[in-house]
1. Dipole magnitude of the chain about its Cα centre, charges +1 at Lys/Arg Cβ and -1 at Asp/Glu Cβ only, in debye to the nearest 20?
2. When the distances between all Cα atoms of the chain are binned every 10 Å from zero, what whole-number percent does each bin get?
3. Please compute the net charge surrounding ALA74, taking Lys and Arg as +1 and Asp and Glu as -1 over other residues with Cβ under 11 Å from its Cβ.
4. Ignoring everything except DSSP H segments at least 4 long, calculate the 222 nm mean residue ellipticity for the chain; use -39,500 (n - 2.57) per segment, divide by total residues, nearest 500.
5. Below 8 Å, C-alpha to C-alpha, sequence gap of six or more: please give me the relative contact order for segment 9-100 in percent.
6. Search the structure for amide H atoms under 5 Å from the amide H of GLU96, placed 1.01 Å from N in the peptide plane, and list their residues when 5 or more places away or on another chain.
7. If we count every other residue with Cβ under 13 angstrom of SER61's Cβ, Lys/Arg +1 and Asp/Glu -1, where does the sum land?
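Taken together, the values in this text are just the output of simple stated rules run on the coordinates, not laboratory data. The structure presented is a predicted model; accordingly, all values stated were derived computationally and were not measured. Neighbour counts are summed over all protein chains in view; Cβ atoms, including those assigned to glycine, are modelled from backbone coordinates with ideal geometry.
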Amino acid sequence: ILQVALVMQVRNTLAAAASEGARVAVTADRGPADGVAATREQIGDAIAGRYAEDVSVRAVSIDGAPGIEVTVRARVPALGLGGPSIEVEVAGRAVEEPER
């Protein structure tokens, strides 16, 4: 039960960081690289930088509006630190802010 809780905690942390990275990327004075950097920083601060090695960003359409999707892929130990791991993939999306 504790190991499942650990995997879920890592997954939720990665998802929150991806969502925040997407929000940063769509801000008027920022771009996709800023979103990736923000995602990696949050993951590194919250759990460990090794979970932030595979972060990607792409432009998407969200209900017809332009947006950004940040995806994080990581391997999380499923049965203790020395045991086998599982692949976790999460994504965060945000709609671009309109120009003012």
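1. On the way: 10 positive and 14 negative charges, 62 e Å.
Computed about the Cα centre, the dipole is about 300 debye.
2. 18, 45, 25, 11, 2, 0
3. Details: positive: ARG11, ARG50, ARG73, ARG75; negative: GLU53, ASP54, GLU87, GLU89.
Around ALA74, the charge tally is 0.
4. On the way: 2 runs with 39 residues, N = 100.
So the calculated ellipticity at 222 nm is -13500 deg cm²/dmol.
5. On the way: 191 pairs, mean separation 29.1, N = 92.
32 percent.
6. Answer set, sorted by chain and number: GLY67, ILE68.
7. -1
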